[in-house]
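Colleague: Have a look at this one.
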Amino acid sequence: MKTLLLHIRILATLVLRETRASFGTSSVGYLWAIVTPAMSVGLLVFIFSLVDRQPPFGTSLAVFFATGILTIEFFNKLSNTLLTSFSANRALLNYPLIKEADTLYARTLLISATYVMIMLIFFGSLFFADAGVMPQNPHMVFQAFAATMLLGFAIGTLNAVIASLWHSWPQIEKVLTRPLIFVSGVFYLPSRLPTEAQNVLYWNPVLHCVEWFREGFYGNYNSAIFDPYYPIAVSLGILLFGLAGERFTRKSRSMA
Amino acid sequence: MIELNCVSKGYKLKGVRKQILDKASIRIPRDQNIAILGRNGAGKSTLMRVIAGVELPDSGQVMRSSKVSWPLGFKGGFNSTMTGVENIKFVSRLYGHDSRAVIDYVADFSELGKSLKLPVKTYSNGMKARLAFGLSMAIDFDTYLIDEITAVGDQSFKRKSKAVFDEKLSGRQIIMISHSMQTIRKYCSAGLFLEGGKLYYYDNIEEIIRDYKLMLAQ
């Protein structure tokens, strides 16, 4: 019990420090972190509505894009920020209470809380602007969020371990994840693709998270491709590798 | 009580392997202040980092049954983009201290004044050392690990540091690395000799100083 409380205190301290380090001193800094992604989705929706595009599904272009883009941004933010957590937090290891894995947990908590705010603000203002819809299955929206968080945490942890062993990894990871926005069903309805394409896209776990989110938002989405077990199984498998890798390479990283 | 059980620790730098500890076992009793002695490059600071738990041994166990500090030195683990106050808040939260009280204590001790509200990267080395020393004296530990910390600042600041140091650390355990035999005689009653990957415990401070001087004379 005492160790649990200690660990909670350490995590809370790290989250506060991360907040300061990533958003600056002023509260405006945090506000920008929330507003920027919401605005970039808004801009995209605006451009597409100028060319008079019909939403691939439902009545709102904004909801359709946002469910895709915000999920991908949440995932990307986690996997990219965790990637640098070992190198960025070296000074912290001077304090024996803090273990390297704690910095991964703290960053995951902070980013997830930030994306809860982003999504609440974005979908909330859409709803009040009368362009949005209420999620039909709110519990599935929560599940989708949690699944994306798990996937981002798993891949981010593995990224951090690989980056600490191989310094070119950040650049390579960037190239590998670049096509993500095109293969995750942001601009099109995956269920309407030919079966051959669906069979290929099925391998992308982020696509399942996007579809999950939409299943929660629309009552009758009926995705032909969505499988909740797939992203979770992929996440758990990668997380096993990531955490085991963290454990086995810990000594080589602790060298000053 | 701190106990090292069959601890090995080595480095490989540019292909050269250097063994700091080679299956070393030692029990450090709570009621003695310990000096760590050994020749230059023997790995005294690494030994201290292993005792603190900031570096993992390659094999073996390190057990601590009391609250042991981080290795106190000239530069703490400061985030240079954060201000002095923010760094103080972070450490006091981490160790469960009231940050207000710690800030007041460090501000009073370090004489940094308004600079505490500036990022640490704007500090001179002396200012950083004052911040690090003040902060480490504000946190309560059972055992303080001290790596050459005692001499920072000008004459008056040194006097003040020494007064705080003596007052704060009376009744606490000290494990220290120092090149000054005078300092070691003043604070320590026992010693650890690090030589060739092995640790030797002396319960008499004069004997370890004698052996250390003999080794240097060789």
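Colleague: Taking A:Ile181 as the residue in question, decide whether it is farther than 30 Å from A:Ser252 by Cα and among the hydrophobic types (A, V, I, L, M, F, W, C).
Modeller: yes
Colleague: Which numbered condition trips up A:Ile98, out of (1) at pLDDT 85 or above; (2) within 20 Å of the chain's Cα centre (by Cα)?
Modeller: Going through the list (1) at pLDDT 85 or above; (2) within 20 Å of the chain's Cα centre (by Cα), A:Ile98 breaks only (2).
Colleague: Could I ask something else about it? Check region A:245-255 and report whether any residue there is more than 14 Å from chain B (Cβ to nearest Cβ) and in contact (Cβ under 8 Å) with a residue 60 or more places away in the chain. Even if it seems obvious, please write down each step before you answer.
Modeller: If we filter region A:245-255 for residues that are more than 14 Å from chain B (Cβ to nearest Cβ), which is where we start, we get A:245.
Now narrow it down to the ones that are in contact (Cβ under 8 Å) with a residue 60 or more places away in the chain: A:245.
Scanning region A:245-255 turns up at least one residue that is more than 14 Å from chain B (Cβ to nearest Cβ) and in contact (Cβ under 8 Å) with a residue 60 or more places away in the chain.
Colleague: For the list (1) at pLDDT below 90; (2) not assigned by TED's automatic domain parsing to the domain that holds B:Ser136, I need the number of the one condition that B:Ala52 fails.
Modeller: (1)
Colleague: Still on this structure, please answer the following. Going by the structure shown, is A:Leu236 away from chain B (no Cβ under 14 Å), farther than 30 Å from A:Met134 by Cβ, assigned to a helix (DSSP H, G or I) and modelled with pLDDT of 90 or more?
Modeller: On the way: away from chain B (no Cβ under 14 Å): yes; farther than 30 Å from A:Met134 by Cβ: yes; assigned to a helix (DSSP H, G or I): yes; modelled with pLDDT of 90 or more: yes.
Criteria met by A:Leu236.
Colleague: Let me ask something additional. Listed residues A:Asn94, A:Asn80; which is more than 26 Å from B:Ile51 (Cβ to Cβ) and not aliphatic (A, V, I, L, M)? Reasoning before the result, please.
Modeller: Numbers: A:Asn94 fails: more than 26 Å from B:Ile51 (Cβ to Cβ).
Just a single option satisfies the conditions, and that option is A:Asn80.
Colleague: Do we have any residue at all in region B:177-199 that's in contact (Cβ under 8 Å) with a residue 40 or more places away in the chain and on the phi > 0 side of the Ramachandran plot? Even if it seems obvious, please write down each step before you answer.
Modeller: Taking region B:177-199 and keeping what is in contact (Cβ under 8 Å) with a residue 40 or more places away in the chain, we get B:177-178, B:184, B:187-199.
Retained after the next criterion (residues that are on the phi > 0 side of the Ramachandran plot): B:196-197.
Yes, that holds for at least one residue.
Colleague: All but one of (1) under 14 Å from the mean Cα position of the chain (by Cα); (2) outside the structural domain of B:Ser99 (by TED's automatic domain parsing); (3) modelled with pLDDT of 85 or more; (4) not small (Gly, Ala, Ser) hold for B:Glu148; which doesn't?
Modeller: Among (1) under 14 Å from the mean Cα position of the chain (by Cα); (2) outside the structural domain of B:Ser99 (by TED's automatic domain parsing); (3) modelled with pLDDT of 85 or more; (4) not small (Gly, Ala, Ser), B:Glu148 violates only (3).
Colleague: Among A:Leu14, A:Leu31, which is within 14 Å of another protein chain (Cβ to nearest Cβ) and either in contact with a helix residue (DSSP H, G or I) (Cβ under 6 Å, 6 or more places away or on another chain) or of a type in the set (A, V, I, L, M, F, W, C) (or both)? Break it down stepwise before answering.
Modeller: Numbers: A:Leu31 fails: within 14 Å of another protein chain (Cβ to nearest Cβ).
None of the other options fit; the residue is A:Leu14.
Colleague: Right, A:Leu150: touching a Ser or Thr at 6+ places or on another chain (Cβ under 8 Å) and surrounded by 14 or more Cβ atoms within 10 Å (Cβ to Cβ) or not?
Modeller: Values: touching a Ser or Thr at 6+ places or on another chain (Cβ under 8 Å): yes; surrounded by 14 or more Cβ atoms within 10 Å (Cβ to Cβ): yes.
Criteria met by A:Leu150.
Table: residues versus (1) away from chain B (no Cβ under 14 Å); (2) at pLDDT 80 or above; (3) touching a Pro at 6+ places or on another chain (Cβ under 6 Å); (4) under 21 Å from A:Ala106 (Cβ atoms).
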site: A:Met1; (1), (2), (3), (4): yes, no, no, no
site: A:Ile8; (1), (2), (3), (4): no, yes, no, yes
site: A:Ala21; (1), (2), (3), (4): no, yes, no, yes
site: A:Ile47; (1), (2), (3), (4): yes, yes, no, no
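Colleague: Another question, then. For region A:167-181, give me each residue that is over 20 Å from A:Phe145 (Cα atoms) and either surrounded by fewer than 17 Cβ atoms within 10 Å (Cβ to Cβ) or touching a Phe, Trp or Tyr at 6+ places or on another chain (Cβ under 8 Å) (or both). Even if it seems obvious, please write down each step before you answer.
Modeller: Going residue by residue through region A:167-181, those that are over 20 Å from A:Phe145 (Cα atoms) are A:167-176, A:178-179.
A:His167, A:Ser168, A:Pro170, A:Gln171, A:Ile172, A:Lys174, A:Val175, A:Leu176, A:Arg178, A:Pro179 - these are the residues of region A:167-181 that are over 20 Å from A:Phe145 (Cα atoms) and either surrounded by fewer than 17 Cβ atoms within 10 Å (Cβ to Cβ) or touching a Phe, Trp or Tyr at 6+ places or on another chain (Cβ under 8 Å) (or both).
The values are calculated or read from the model by the stated rules, or taken from the named source; none is laboratory data. Just so you know, these numbers come straight off a predicted model, no measurement behind them. Neighbour counts are summed over all protein chains in view; Cβ atoms, including those assigned to glycine, are modelled from backbone coordinates with ideal geometry.
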